[in-house]
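Novice: Can you keep this structure in mind? I'll have questions shortly.
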Amino acid sequence: MPKITAARVITTCPGRNFVTLKIETDAGVYGVGDATLNGRELAVASYLEDHVVPCLIGRDAHRIEDTWQYLYRGAYWRRGPVTMSAIAAVDMALWDIKAKVAGLPLYQLLGGACRQGCMVYGHANGETIEETLQEAERYIEQGYRAVRLQSGVPGLKSTYGVSKDKDFYEPADADLPTENLWSTEKYLRSAPELFAAARERLGWDVHLLHDAHHRMTPIEAARLAKDLEPYRLFWLEDAVPAENQESFRPIRQHSTTPLAVGEVFNSIWDCKQLIEEQLIDYIRATVLHAGGITQMRRIASLADLYRVRTGCHGATDLSPITMSAALHFGLSIPNFGIQEYMRHTDDTNTVFPHGYRFSDGYLRPGEQPGLGVDIDEDAAEQFPYRRAYLPVNRLQDGSMHDW
Ligand code: GCO
Ligand code: MG
């Protein structure tokens with residue numbers, strides 16, 4: 001059995017910050033895991049270095065479930081994004097090792113492929129509806145079957161999801177948080193106009209998605225979901241914050257627009273009521289922030305009982321290691337729905353060489369043994385950590401709002 005001999009945390013910033021855990025074994029095989037928590041990266045690096053790595057040395061690398069339980073129950077302090085991202089990094093690295101030792105791509109160990117590839121959605125955004133639709137057309141020409149549309153809100157200087165760089169959207173844009181202004185009233189007027197124009201221009205064959213980024217109250221969200229109904233969205237994401245899972249009830253009562261939530265979830269308990277009461281259609285928890293492949297399999301199994309499908313978070317702040325893990329996972333589960341795919345920069349792809357490829361609207365993880373992704377440590381060293389924050393958001397009277 002491969003014994004863990006060393007584990008190291010590597011922090012690098014090839015355009016944005018990433019934290020990676022590399023676990024080495026006496027079998028000459030190593031594994032990699034992503035531990036990136038946007039804007040709070042060093043907290044996870046310390047959690048791993050100071051509190052997790054010492055417990056890993058000497059353990060049997062093949063005992064993945066036992067190690068998961070050891071780190072989850074053993075810490076006494078359960079859940080939370082820092083803890084669960086750290087556990088996820090260990091979990092990904094151990095699955096990588098197990099699959100490399102077996103000489104198989106990870107999805108084979110997870111039960112084999114259930115589909116030919118993972119359908120992904122890209123991000124089309126622009127200051128105006130016209131600009132957003134041109135971007136959407138660019139995605140459709142490249143073969144995308146699903147596109148998320150975000151557009152500037154008239155009367156607001158900046159809007160969530162509308163980027164300066166069209167190819168690489170990076171919201172963590174400053175060494176202290178940028179301040180944005182928000183008005184839900186204005187947004188509720190403009191969002192349906194975007195989708196009306198989109199259906200007229202793009203037709204009905206492409207899946208359209210939208211992210212409301214936790215900014216509405218339940219009744220505002222119900223209004224928007226109802227207004228968007230005629231445009232048959234694939235999903236409306238993060239309509240309300242989900243600390244209070246019952247908040248989704250009023251939205252459900254008023255509309256048939258499919259709902260997605262979960263990119264900030266870190267445990268199966270965050271999803272439980274939403275899934276069991278069938279308040280959502282897609283669960284967006286990720287391998288990285290929700291405790292690794294081990295816990296994501298449990299979440300997906302619970303969701304499958306209620307015909308809820310997955311739609312894992314895949315923004316640029318999740319490294320190519322998470323994307324690889326998500327693709328092996330997505331390929332192997334029966335209730336995969338869609339995978340978010342925000343492209344990484346060339347520098348990021350150099351630091352994290354990977355085997356997954358896009359074609360025809362799908363991403364496929366490739367056939368290399370393990371996760372099929374690596375970290376080039378020499379390249380990583382060229383890009384030292386740089387503090388970067390996500391923006392904050394205020395209403396027009398100056399009060400803090402959800403970003
Ligand atoms: C998405 C997200 C992201 C997040 C970001 C936070 O749907 O992709 O909402 O853009 O804001 O990942 O770290
Ligand atoms: Mg989102």
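The values are calculated or read from the model by the stated rules, or taken from the named source; none is laboratory data. Fair warning: this is a prediction, and the values are worked out from it, not measured in the lab. Here the Cβ is made from the backbone with ideal geometry for all residues, glycine too, and neighbour counts use every protein chain on show.
Novice: How many of the residues making up the range 263-304 are in contact with an Asp or Glu (Cβ under 6 Å, 6 or more places away or on another chain) and either within 16 Å of ligand 2 (Cβ to nearest atom) or without any contact (Cβ under 8 Å) to a residue 12 or more places away in the chain (or both)?
Specialist: Total satisfying the criteria: 2.
Novice: Within the range 263-294, restricting attention to residues that are in contact with a strand residue (DSSP E or B) (Cβ under 6 Å, 6 or more places away or on another chain) and part of a loop (DSSP other than H, G, I, E, B), which residue is surrounded by the most Cβ atoms within 10 Å (Cβ to Cβ)?
Specialist: So, considering only residues that are in contact with a strand residue (DSSP E or B) (Cβ under 6 Å, 6 or more places away or on another chain) and part of a loop (DSSP other than H, G, I, E, B), the one surrounded by the most Cβ atoms within 10 Å (Cβ to Cβ) is Leu288.
Novice: OK, next. Does Leu194 satisfy being modelled with pLDDT of 95 or more, within 20 Å of Asp402 (Cβ to Cβ), touching a helix residue (DSSP H, G or I) at 6+ places or on another chain (Cβ under 7 Å) and surrounded by 21 or more Cβ atoms within 10 Å (Cβ to Cβ)? Before you say what the answer is, go through the steps one by one.
Specialist: Numbers: modelled with pLDDT of 95 or more: yes; within 20 Å of Asp402 (Cβ to Cβ): no; touching a helix residue (DSSP H, G or I) at 6+ places or on another chain (Cβ under 7 Å): yes; surrounded by 21 or more Cβ atoms within 10 Å (Cβ to Cβ): yes.
Answer is no for this residue.
Novice: Quick check, is Ala239 aliphatic (A, V, I, L, M), out of contact with any Ser or Thr (no Cβ under 8 Å at 6 or more places or on another chain) and either within 22 Å of Ser190 (Cβ to Cβ) or surrounded by fewer than 18 Cβ atoms within 10 Å (Cβ to Cβ) (or both)?
Specialist: So Ala239 passes the test.
Novice: Quick one: what pairs do we get from the range 388-403, first residue more than 17 Å from Ala239 (Cα to Cα) and among the hydroxyl-bearing types (Ser, Thr, Tyr), second away from ligand 1 (no atom under 11 Å from the Cβ) and outside any loop (DSSP other than H, G, I, E, B), C-beta under 9 Å, 6+ apart or different chains?
Specialist: The qualifying pairs are Tyr389/Ala174.
Novice: Can you tell me which residues in the range 305-319 are touching an Asp or Glu at 6+ places or on another chain (Cβ under 8 Å) and either within 16 Å of ligand 2 (Cβ to nearest atom) or not assigned by TED's automatic domain parsing to the domain that holds Asp238 (or both)?
Specialist: Once the filter is applied, which keeps residues that are touching an Asp or Glu at 6+ places or on another chain (Cβ under 8 Å) and either within 16 Å of ligand 2 (Cβ to nearest atom) or not assigned by TED's automatic domain parsing to the domain that holds Asp238 (or both), the range 305-319 yields Gly311, Cys312, His313, Gly314, Ala315, Thr316, Leu318.
Novice: When the range 66-101 is examined, which residues are found to be farther than 20 Å from Thr5 by Cβ and over 23 Å from the mean Cα position of the chain (by Cα)?
Specialist: Gln69, Arg73, Gly74, Ala75, Tyr76, Trp77, listed by residue number.
Novice: Looking only at the range 251-262, which residues are more than 16 Å from ligand 1 (Cβ to nearest atom) and surrounded by fewer than 20 Cβ atoms within 10 Å (Cβ to Cβ)? Let's see the steps before the verdict.
Specialist: Residues of the range 251-262 more than 16 Å from ligand 1 (Cβ to nearest atom): 251-257.
If the condition is that a residue be more than 16 Å from ligand 1 (Cβ to nearest atom) and surrounded by fewer than 20 Cβ atoms within 10 Å (Cβ to Cβ), then Arg252, Gln253, His254, Thr256 are the ones that fit.
Novice: All but one of (1) at pLDDT 95 or above; (2) of a type outside the set (Ser, Thr, Tyr); (3) within 16 Å of ligand 2 (Cβ to nearest atom) hold for Glu170; which doesn't?
Specialist: (1)
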